[in-house]
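Data block below; observations after.
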Amino acid sequence: MYSITKGDTVKALILAGGFATRLRPLSCTRPKTLFPLVNKPLLQWIFERLADNGVDEVVMAVNALTQFYIRQQKPPKCGLKVRFSIDPPKMPLGTAGPIKKAEKLLGHNEPFIVLNGDIFADINYKKLLRTHTETNALATIALCTLEDPSAFGVADVCNGNQIKQFIEKPPKNEAPSNLINAGAYVLSPKVFEYIPEGRAVSIEREVFPKLAAESRLSGFRMEGLWMDIGKPQEYLDANKTILDSISSKLKKPKSKKINISLPVAIDKGVTIAEGSTIGPYAIIGKNVKVGKNVQICDSVVFPDVEIGDDTTISGVIVGEGARIGKNVKLGKGCIIGDLVKVKDNVGIHESSSVCPAKEISENILKPKVVC
Ligand code: GTP
């Protein structure tokens, strides 16, 4: 059994080298971990929480493109030492392979934290580490309760915290419990022996079931907010939930010329012309320019977007640098990629998505993916 004593270096590995196919087209131009949540990259939320929980060093397990985007955006490191471990070109290593690849950086001295770079979770990592060191488990998974666990890894817990079975994405109604893998765990260095080298390995399908069979897998029931931003609706919902949780701390924009319906989050450098109605649940990124009589609600607008007069945006994600013309109507569930241009007087049907840098000059009358 390992223990962590004062003075030990606490390390965390963040898995952030996936392809985020379910978040296309927005993920064509940024990795999931850099998606803004209430105008702050998810990775920054994660760094802040890790630093608050006494973590000293972070290994970012990424592919070369994700490393490029992170270096370009430079989210504040919050005092953490950040290093990169890069999957081989054209060989994504899955959710366990990158842990094996980072074996030297993580070392064999103490247990370390592993977390998915696409979850927002109020996890008390100090408690998670402590719980791990109190058992003889080789892995302790943070568990979160969900009504429908079928899209996640599900833990069958017995004897207090021991996980006797771990099943990835069980068929609906066949899950042994409602406790899902929250995408964060503590591993003891011995787990390196369970991960084959040089190929993609799934921790959920190849490592956890083995540890459960050997009675070396434990659970830690987390409390507080937990959100996966893997799909567009989940991403929008996560923004709304976080906005609710922090709105009392945000400054209320003051203007007699515009109507603000709280909660809203408006970043620096945003200009909004008279007669516009903003909110509820409008999250507007840096330097966005909003014309007259525009309506924005239930939506996330990324930085540097321009929106023409009389346009309506409701239930939409608008990518960075997009130009939305005058009198445009974007239907619920639309995803507008970065740098897209939508010409004046165009309506885009609900649940359509437009790939980066496309130009839309005609109405889209049924759900469509424009690539
Ligand atoms: P989808 O394609 O939409 O399923 O997204 P994804 O590829 O990100 O997969 P998933 O949501 O299952 O990934 C969970 C976490 O592991 C995310 O933070 C991913 O970035 C990360 N991840 C997934 N696959 C890899 C991989 O091959 N290498 C690395 N380094 N990280 C990965």
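The values are calculated or read from the model by the stated rules, or taken from the named source; none is laboratory data. Quantities reported herein were computed from a predicted structural model and do not represent experimental measurements. We place every Cβ from the backbone using ideal geometry, glycine too, and count neighbours over all the protein chains shown.
Pairs under 7 Å by beta carbon, first residue assigned by TED's automatic domain parsing to the domain that holds residue 264 in segment 23-40, partner aliphatic (A, V, I, L, M), six or more apart or different chains?
From residues that are assigned by TED's automatic domain parsing to the domain that holds residue 264, there are no pairs.
Every residue in segment 157-199 that is within 21 Å of residue 121 (Cα to Cα) and among the acidic types (Asp, Glu), please.
Residue satisfying the conditions is 168 alone.
This table checks each residue for (1) hydroxyl-bearing (Ser, Thr, Tyr); (2) over 26 Å from residue 263 (Cβ atoms); (3) in contact (Cβ under 8 Å) with a residue 40 or more places away in the chain.
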residue	(1), (2), (3)
299	yes, no, yes
305	no, no, no
309	no, no, no
327	no, yes, no
340	no, yes, no
344	no, yes, no
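Residues checked against (1) more than 30 Å from residue 184 (Cα to Cα); (2) not assigned by TED's automatic domain parsing to the domain that holds residue 23:
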site	(1), (2)
206	no, no
213	no, no
216	no, no
221	no, no
234	no, yes
237	no, yes
270	yes, yes
273	yes, yes
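Quick one: in segment 91-112, which of the residues that are more than 23 Å from residue 126 (Cα to Cα) and of a type in the set (A, V, I, L, M, F, W, C) is modelled with the lowest pLDDT?
So the residue we want is 91.
Among the strands (runs of 3 or more DSSP E) lying completely within segment 91-163, list those that include at least 3 residues that are touching a residue at least 60 places away in the same chain (Cβ under 8 Å) and aliphatic (A, V, I, L, M).
The strands (runs of 3 or more DSSP E) meeting that bar are 112-116, 139-145.
If residue 112 satisfies all but one of (1) within 16 Å of the ligand (Cβ to nearest atom); (2) aromatic (Phe, Trp, Tyr); (3) under 27 Å from residue 234 (Cα atoms), what's the number of the condition it fails?
Looking at each condition in turn, residue 112 falls short on (3).
For residue 38, which of the numbered conditions (1) within 15 Å of the ligand (Cβ to nearest atom); (2) modelled with pLDDT of 95 or more fails to hold?
Failing condition for residue 38: (1).
Criterion first (out of contact with any helix residue (DSSP H, G or I) (no Cβ under 8 Å at 6 or more places or on another chain) and buried (at least 21 other Cβ atoms within 10 Å of the Cβ)) does residue 179 satisfy it?
no
Being within 16 Å of the ligand (Cβ to nearest atom), modelled with pLDDT of 95 or more and in contact with a Cys (Cβ under 8 Å, 6 or more places away or on another chain) is true for just one of 44, 67. Which residue is that?
After applying the criteria, what remains is 44.
Residue 9: in a loop (DSSP other than H, G, I, E, B) and either more than 14 Å from the ligand (Cβ to nearest atom) or within 30 Å of residue 340 (Cα to Cα) (or both), yes or no?
yes
Is it true that some residue in segment 216-233 is under 15 Å from residue 302 (Cα atoms) and without any contact (Cβ under 8 Å) to a residue 40 or more places away in the chain?
no
Quick check on this structure: which one of 330, 339 is surrounded by fewer than 21 Cβ atoms within 10 Å (Cβ to Cβ) and closer than 24 Å to residue 22 by Cα?
Testing whether each residue is surrounded by fewer than 21 Cβ atoms within 10 Å (Cβ to Cβ) and closer than 24 Å to residue 22 by Cα leaves just 339.
Picking from 189, 209, 176, which residue would you name as being more than 16 Å from the ligand (Cβ to nearest atom) and free of Cβ contacts under 8 Å to residues at least 40 places away in the same chain?
176
Please indicate, with yes or no, whether at least one residue in segment 194-201 is surrounded by 22 or more Cβ atoms within 10 Å (Cβ to Cβ) and either more than 15 Å from the ligand (Cβ to nearest atom) or not in a loop (DSSP other than H, G, I, E, B) (or both).
No, that holds for no residue.
Would you say residue 72 is in contact (Cβ under 8 Å) with a residue 24 or more places away in the chain, over 24 Å from residue 110 (Cβ atoms) and away from the ligand (no atom under 11 Å from the Cβ)?
In short, no.
So is residue 254 closer than 27 Å to residue 291 by Cα and in a loop (DSSP other than H, G, I, E, B) or not?
Yes.
Applying the selection to segment 346-358, what residues are more than 28 Å from the chain's Cα centre (by Cα) and either touching a residue at least 40 places away in the same chain (Cβ under 8 Å) or part of a strand (DSSP E or B) (or both)?
347
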